[in-house]
Amino acid sequence: MLNEPYTEVMDGENLPFLVQLIIGSTDKGEKVSLSRLCSSPSQIHMCVYDVPELKPLRLQLFGSVAVTFLWNKIYEGKKERENRHILTKKQPIILLYEHGKTDYVYPWRCGIYHFEVIYNQNVYYGAFRICPKNFYDEQLTLIQNKVKSIMGSLIADRGYYKKTFSVFQDLEEHSQLKTIRWLSQRVAQITRMYKKIERDVGYKYILHQERCYRKPISATVRKNALYAAKGKDKYWNRRLIEAKQRTDLQYVKVQSVAFLGLLEELNEFLANNIQKLQVIEQSGKQEKHAVQNIVQNIEKNGSVTERDKQKYKNIQLLKETDLRKVSVKLQEYKVLYSLINRLMCDMRGRLHASFWNEIKISDAKPPIAPAYREFCHFMRKLWKTREEVYDEPIYLFVYKPTFLIYEYYVFFAVVTTLEDMGFIAMPSVSEQIKSYFYLDGLQDGTAVVTEKEDIRLRIVFNELIETHHLIALSKGSNFYNGEDTKKPDVRIDYFRKQNEVWMYQSSIIIEVKYSPMYNIFQPIGNTKATEQMYKYWSIKYVEQQDGRNVFHRRAIHEVICVYPGSQMHAKKIEAGCGIFLQFYPYIKKEVEHLMGQKELTRIITEWVQ
């Protein structure tokens, strides 16, 4: 290090200290000097430092001054806690993250976050970009684009936020929920400001053609009689009417029509998600009831082992917990729906009332009269909430964890591979998964069905394999294994049409691992991944035919583990537990290709022949 460490500020100032970021272990880790900061958030894009994900992080101070460091983090439910650290000469190193010593779950997702350095009561800014560990940046972009092409909002995590400047917002997405919660707190304000505007309407005189003079005085009576005798019965009279065609009212109506459109969109969003949650809740109740029946039947049965009894009691607790979570979320959405629906109906009725119905819609500038100030401020705030960029720290959605985005990618890549083989998804893939998509991603059990001649392949995402065939039948999932519960990342079910009936044949399990190959597979000895793959072979299938249970006790045709790739290993490796296949996108001669697609196509073709 230099004898006099310093940090450069973008406006030309030098600070008498230097902070280093240590990535990995303290002794052998990579060291990144945070040598450039800025004093304005507008310049933060010039002070971005790359940090690989999933590695321990420490900060080290060089200098004899005290510095306060605010390192960004992920917020769940907007908890107001920040990573505030004080670095001094006596305590120059602090730990930001290390598995087991801080959080067990890595706290940052791939994306950009800001940090703040406070020195002498002045705030300086910088940013760090979390880069994928097992992908190149280009590969991660291709994976994200593939998932977004199916459903754009799927990679955003709606339960977690980062507090940062929205100069990074082009990578992020606002949820409808943010607008809904903001509006739900302003119902009374909306009613008040419209009443204020309606009371402030002005009046003006106009010339109105009428049959006679309206003012009953002697002069007008004589004139009416004289003109009537001559056959003339239409005259222009001055009348006092409400001045509804003023530009300020026209501006309010234009904004109100747009506001009504937004409320209808939010109302539909809530209604759709309530419907999906109700389906999930009903399914959860059926599963809970089936498990309760099993627990009651085996409770006093001495032939059933205590281990098995405890297993079903644990399953019962898990089902109850899942059901409680869904019920709480459903209740919250119903409350928000009632508020937004009432607001939408009031707004629709207001615009159809005689006062607003007579006002023409035309472009107009925002009014400056006092009665309209609250309305104009409200509308600016509303559209800002949805669109504008802030220079103050706000909460933005982060991307989902890279491993989950990779699982989504594999799911959709398998569907694309089948489409390339001539299988057709009817309706489209996007339409099919919309019925499963809600709140914060794809539901477990999301399925896409494709067909080709007399073959049907159903691709299922992360569906729970039940422990007992009765539970599987009660929820309509058909798959069980008689032991512990499992969730294969992707499952392909093969049906063949026989006598106009689709008959189940077998399944392929695809396990998705966002890890290097040496963590997944070893030639001698089992890893956690290989143990998991061995267990998948015990999955069975049950269905009812003519009122009786029909079992497929050897339901699994193949188990495949896909991973991001390795230059040290073959593209496809056969092992006792299944097949290991490199599976990732890459660019060659400006054309996107999928590594492992040919091998997967060959496996499926031989399977369904």
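The values are calculated or read from the model by the stated rules, or taken from the named source; none is laboratory data. The shown structure was predicted, so the numbers you read here are calculated from the model rather than taken from an experiment. Don't worry about glycine lacking a Cβ; one is built from the backbone with ideal geometry, like all the others, and counts go over all protein chains shown. Ligands, DNA and RNA are stripped out before the accessible areas are found, and what is left, the full protein with its side chains, is counted by its heavy atoms. Shrake-Rupley method; radii C 1.70, N 1.55, O 1.52, S 1.80 Å.
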### Summary
For segment 417-576, the percent of accessible surface on carbon and sulfur atoms (probe 1.4 angstrom, ligands and nucleic acids excluded) is 46
### Task
Kindly sort GLU543, GLU198 by accessible area of their heavy atoms, largest first, with the probe set to 1.4 Å.
GLU198, GLU543
### Message
I'd like to check one number: the per residue accessible area of segment 98-150, probe 1.4 Å, reported in Å² as a whole number.
### Response
47
### Message
Going through the cross-link list LYS55/LYS146; LYS329/LYS384; LYS329/LYS487; LYS487/LYS540, which pairs have a Cα-Cα distance over 21 Å in this structure?
### Response
LYS55/LYS146; LYS329/LYS384; LYS329/LYS487
### Query
Sorted by accessible area with a 1.4 angstrom probe, largest first, how do ASP546, ASP103 fall?
ASP546, ASP103
### Lys, Arg +1 and Asp, Glu -1 on Cβ, resulting dipole of segment 462-571 about Cα centre, debye, nearest 20
160
### Task
Could you state how much accessible area GLU98 has, in square angstrom rounded to the nearest 10, with a 1.4 Å probe and all protein chains kept in place?
40
### Task
Treat each spin label as a single point 7 Å out from the Cα along the C-beta direction, and report the LYS196 to ASP27 distance in nm.
6.8
### Query
Could you give the accessible area per residue of segment 453-609, probe 1.4 Å, as a whole number in Å²?
50
### Message
Could you give each residue of segment 293-306 its phi-based ³J(HN,Hα) in whole Hz, using Karplus coefficients 6.51, -1.76, 1.60 with θ = phi - 60°, and x for Gly or Pro?
### Response
5, 5, 4, 5, 6, 9, 4, 10, 8, x, 7, 8, 5, 5
### Query
Suppose every K and R has +1 on its Cβ and every D and E has -1 on its Cβ; what is the size of the dipole of segment 288-340 about the Cα centre, in Debye to the nearest 20?
40
### Query
What is the packing order of peptides 250-258, 120-128, 510-518, 421-429, taking the mean over residues of other C-beta atoms within 10 Å and listing the highest first?
510-518, 250-258, 120-128, 421-429
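Checking the table LYS288/LYS325; LYS276/LYS475; LYS195/LYS334 against a 20 Å threshold on Cα-Cα, which pairs fail? Before the final figure, lay out each step's value.
Working: LYS288/LYS325 14 Å; LYS276/LYS475 16 Å; LYS195/LYS334 28 Å.
Pairs exceeding the cut-off: LYS195/LYS334.
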### Task
Can you pull the one-decimal nm distance between simple spin-label points at PHE355 and ASN122, each 7 Å off the Cα toward Cβ?
5.5
